[in-house]
Amino acid sequence: MQVQEASEFYREEFKDSLLYRTLADEERDEDLRKEFIRIHAIEARHADFWRRFLERRGVRPERVRVGRLSLWFVRLLRRISPALTSSLLEFNEMSAIIRYYDFYRAYDLSEEEREELREIIVDEIEHEKFFSGKKRLFGAENVRDMVLGINDGLVEILGVVTGLSAVYVTRPDLVGMSGLVVGVAGALSMASGSFISVRSQRQVNETRVRLKAILRELRGESIEVEEVKESELKSALYTGIAYLCGVALPVAPYFLAETTAEALPISLLLSAALLVFVGSLISLLSGISVKKKALEMLVAGMGTAFLSYLFGTLIASLFHVPVQ
């Protein structure tokens, strides 16, 4: 078990080293490029530790193959959103810290190995702090607003159109229009709620900053002005627009099909693809397993659609709604 985990650590550190080298080669920001090169060298040193660790135990590390698709995905993510890239790298470092610490406590190591591993854990903690700071600098909170807005719009409107599909079987246009009306109302509601929430939090933070300044002044200390960066307008726009983006996929097929029986499968398929994508983004922003979160989102979204369809069927039956 010890050797198996060490082999996995070696592969991951080797891949991370190549990843940071790739990011450094394509980075235009000189300070960030230098940081990527520095972390690349550190990760290469970590990989060398695990290689020596395995060789001392008579195990020759396997040749590491890095998929081009993985590197292409990270490069693409970096161009689309620096915040998401920083979140992904931060998640990698957080995961490494926890696993290395568990390994550090679980196994008997030589004093030299224990000291080297302790230094590696400290390195990973410093990397995590760096990417956490970059994530805030790149506006990850706004990206999170967009991702969660898409998710809310998608799940809620998918439930609406799926439920109405059981009632208006021959009127997909009516289902589409109903979903669109509910979607726009929901987007306005979400944007308004986000505006009020962020504004209230900003006002609280501004009060705290002022109280700190008063305290420093009374103590005769130098006063440093702290900038409160929350923008309620930006948060509201991100959330509202993202919500509408989430509405678009489940609603669109109903304007193109002749019956809801034709529109519903397409709507579910498009929504399922978007749920997996959104779940992956949320996992990157939150530092949790991509596979677990994507599956969780898919099950929740499709479960909502299934229950909504059953409820629509029940309502049509109870109130004797004629097939339209």
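The values are calculated or read from the model by the stated rules, or taken from the named source; none is laboratory data. Since we're looking at a predicted model, the values are computed, not measured. With ligands, DNA and RNA removed, areas are computed over all heavy atoms of the protein, side chains included. Shrake-Rupley method; radii C 1.70, N 1.55, O 1.52, S 1.80 Å.
For the set K34/K212; K34/K234; K212/K234; K15/K291, the pairs lying more than 30 angstrom apart at their alpha carbons are K34/K212; K34/K234. Accessible-area rank, largest first, for T304, T170, T162: T170, T304, T162, with all protein chains present and a 1.4 angstrom probe.
For L233, the accessible area of its heavy atoms, probed at 1.4 Å with every protein chain present, is near 110 square angstrom. Would you compute the Debye intensity of the range 155-280 from its alpha-carbon atoms alone, equal scatterers and no solvent, and pass along log10 I(q)/I(0) at q = 0.09, 0.11 Å⁻¹ to two decimals? Once normalised to I(0) and log-transformed, intensities are -0.42, -0.53.
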